[in-house]
1. Here are some conditions: (1) of a type outside the set (D, E); (2) buried (at least 16 other Cβ atoms within 10 Å of the Cβ); (3) in contact with a helix residue (DSSP H, G or I) (Cβ under 9 Å, 6 or more places away or on another chain). V63 meets all but one. Which one does it not meet?
2. Which of the following residues is touching a helix residue (DSSP H, G or I) at 6+ places or on another chain (Cβ under 6 Å) and either buried (at least 18 other Cβ atoms within 10 Å of the Cβ) or without any contact (Cβ under 8 Å) to a residue 24 or more places away in the chain (or both): V54, V11, V21?
3. Could you check the stretch 22-42 and list, in sequence order, the residues that are among the hydrophobic types (A, V, I, L, M, F, W, C) and touching a Leu at 6+ places or on another chain (Cβ under 8 Å)?
4. In the stretch 26-35, is there at least one residue being crowded, with 16+ Cβ neighbours inside 10 Å, under 12 Å from I85 (Cβ atoms) and not β-branched (V, I, T)?
Amino acid sequence: MAPKFVVSDFVSVSELDTEAVLMDMKQGRYYGLNEVGMQVYALLKEPRSVGEVVDALLDKYEVSREVLTEDVSRLLAELQERGLIREVDPA
């Protein structure tokens, strides 16, 4: 079963027009997300796999499933590395 990810508990999100600012309350660091990143992050309020995120976004952008999957996977890996999302039990 594919891993699922969810927003970390200690991250505060502020949305500004087409961007979002994430505040890591543990480390006191800010991170910016563009419009697509903001949509991905919003989807992770509930546990979702890469495939579920891709399915939710595919109709919104003129891009192939393969390209979107690569982009979402890369973003989730970066967010997880920074502790802004966490992997949860997919069960």
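1. (2)
2. Details: V11 fails: touching a helix residue (DSSP H, G or I) at 6+ places or on another chain (Cβ under 6 Å); V21 fails: touching a helix residue (DSSP H, G or I) at 6+ places or on another chain (Cβ under 6 Å).
Matching residue, one of V54, V11, V21: V54.
3. Within the stretch 22-42, L22, L33, V36, V40 qualify.
4. From the stretch 26-35, those crowded, with 16+ Cβ neighbours inside 10 Å are 31, 33; that's our starting set.
Among the residues that remain, those that are also under 12 Å from I85 (Cβ atoms) are: 31, 33.
Add one more test, that the residue is not β-branched (V, I, T), and what stays is 31, 33.
Yes.
No value in this document is a laboratory result; all are computed from the given coordinates. The structure presented is a predicted model; accordingly, all values stated were derived computationally and were not measured. Using ideal geometry, Cβ is built from the backbone for each residue, glycine included, and neighbour counts are taken over all protein chains shown.
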